[in-house]
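Each value in this text was obtained by applying a stated rule to the coordinates, not by laboratory testing. Computed from a prediction, not measured in an experiment: that's the story for all the values here. Here the Cβ positions follow ideal geometry from the backbone for every residue, glycine too, while neighbour counts run over all protein chains shown.
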Amino acid sequence: MEIELLKQFVQQIYPLPVAELERFTSGWQPLTVKRKTILTAAGETERHLYFVLEGLQRAFYIGDGNKEATIVFTYPPSFSGVADSFLTQTPSLYFLETLTASRFLRISYDAVDQMAKSSPHIQQLLFKATAYALKGALQRHIELQCFTNEEKFRTLLQRSPHILNLVPHKYIASYLGMDATNFSKLLGSVKL
């Protein structure tokens, strides 16, 4: 059942021939972790690609004065992990933690790398997934640089209306690049 969810998700990104789909999904292993588990710490190299089955996770950066900046949330069905560290096999600049108890399928970098080197179809899947992630990151960059707080808030709710019920508001405020007080004011004043 879990592998079927992964297969459906992969086929939406880039439809693989049946044999390649079976090959890509064969090496994934289940992983269950408790809430507030650090999956990857800053300074560590991401060794796994995760597929989220249950739970909520966030990637965050810790800046000067221990100020946290939430970069991204992941929840089912989606890939998770520190993408840049995984793809480049270099140390991560930020943390990946579970906000709730979470269940995943995961696969090692070495397994993905071997498949990509021997399969143009799997290379194309990884290219498409990376391209979509880059597109989302660039859109977020525009939002953070150019949008007002209200525009950022409205854009987030258009893209992911369910997020208010999933994520503690302090993390949403951090993700939007505003303090919790301004977020609370928007929550109370913007018609949803």
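A few points about this structure:
- Legend: calculated FRET efficiency, ASP84 to HIS169, from the Cβ-Cβ distance at R0 = 30 Å, rounded to 0.05, equals 0.65.
- Added length on full extension, which subtracts the Cα-Cα distance from 0.36 nm per residue, LEU31 to ASP110: 26.7 nm
- Residue among ALA83, HIS162, LEU56 farthest towards the positive dipole end of the chain, charges placed on Cβ: HIS162
- Summarising the label geometry, the points placed 7 Å from Cα in the beta-carbon direction at ILE62 and VAL18 lie 5.0 nm from one another.
- Each Lys and Arg contributes +1 and each Asp and Glu -1, all at the Cβ; summed about the Cα centre of the chain, the dipole is approximately 440 debye.
- For VAL72, the residues 5 or more places off, or on other chains, whose built amide H falls under 5 Å of its own are ALA59.
- Across all Cα pairs in the chain, the calculated P(r) in 5 Å bins from zero up to the longest distance comes to 1, 7, 15, 19, 19, 16, 11, 7, 3, 1, 0 percent per bin.
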